[in-house]
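The values are calculated or read from the model by the stated rules, or taken from the named source; none is laboratory data. A quick note: this is a predicted structure, and the numbers were derived from the prediction, not measured. Counting neighbours? That spans all protein chains shown, and the Cβs are built from the backbone with ideal geometry, glycine included. Please note that ligands, DNA and RNA were not included when accessible areas were found on the heavy atoms of the full protein model with its side chains. Shrake-Rupley method; radii C 1.70, N 1.55, O 1.52, S 1.80 Å.
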Amino acid sequence: TEPLELVVARGKLPQPGEDARVECLFSADEITRVEIGDEERVNYREMVVRASVTVGTLLAVKVQPRAGVPGIAVTGKPVAPPEPLDVELVAGKGTEVIDGQRCVARIEGRPQSRRRRRKVFIDVLPVFFHPGDVNLESGNLKFKGSINISGSVNDTMEVVATQDLE
């Protein structure tokens, strides 16, 4: 007789869920270079955009964890999926967390996020520090908050702040 394969029991692996996460609604980069199309006119002074926000701007949203789907052992007993990890959205400097789910700006400035273990802190920094001169390389400076420049402002360049300029 030939060997015969026979399934006597079959299990099903548990499907893991999704961990909680915080979605930041602002660019994580301090500056962004503007993309230019082939036929567009280029103003080289406006090629750089710095992230800045006003009071009341929604900065981040917490996405709740999603439970996994249980599996079944070969004995027919349920197998629990791993527990998804939670994260806490924490108000840092210049922000407020509403219902533990949404973070909004309470001052004008540059938003940033930082993470410590299972906590995500959202801050708004009211002062933008610009090292060196304001020139074509840096682009014009436009910021919601205060600007502190360590160099000089070249001719034809523009600096706009909604608060103090130093």
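Here are the numbers for the structure shown:
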quantity	calculated
Fraction of antiparallel bridges per DSSP, the chain only, in percent to nearest 5	70 percent
Carbon/sulfur fraction of accessible area - the chain, other protein chains in place, 1.4 Å, %	52 percent
Residue with peak Gaussian network fluctuation, the chain [Cα springs, cutoff 10 Å], from Ile122, Ile147, Ile98	Ile98
Projected label distance in nm at Thr75 and Glu96, using a 7 Å step from Cα toward the beta-carbon	5.5 nm
Accessible surface, per residue, of the chain when the full set of protein chains is kept, probe 1.4 Å, Å²	68 Å²
Local electrostatic count, Ile149, Cβ distance below 9 Å [Lys/Arg +1, Asp/Glu -1]	-2
Which label in [x] 52, 22, 11; [y] 54, 15, 14; [z] 31, 19, 14 gives the computed semi-axes √(5λ) of the Cα gyration tensor in Å	[x]
Proximal lysine pairs, the chain, alpha carbons under 21 Å, eight or more residues apart or interchain	5
Potential lengthening between Leu136 and Asp155 on full extension [0.36 nm per residue; Cα-Cα distance subtracted]	5.8 nm
Region 50-137, Cα convex hull volume normalised per residue, Å³	146 Å³
Loop trypsin sites (Lys or Arg not before Pro), region 70-166 (other Cβ atoms within 10 Å of the site Cβ: 16 or fewer; DSSP)	Lys93, Arg106, Arg117, Arg118
Accessible heavy-atom area order of Thr162, Thr1, highest first, probe of 1.4 Å	Thr1, Thr162
Cut-off 13 Å between beta-carbons: net charge of the residues surrounding Thr95, Lys and Arg +1, Asp and Glu -1	+2
Accessible area (Å², 1.4 Å probe, nearest 10) - Cys24	50 Å²
Separation of the Gln163 and Glu2 label points, Cα + 7 Å toward Cβ, nm	8.2 nm
Accessible-area order (highest first, 1.4 angstrom probe) of the listed residues Thr57, Thr75	Thr75, Thr57
Within a Gaussian network of the chain (alpha carbon springs, distance under 10 Å), most fluctuating of Glu23, Glu96, Glu108	Glu23
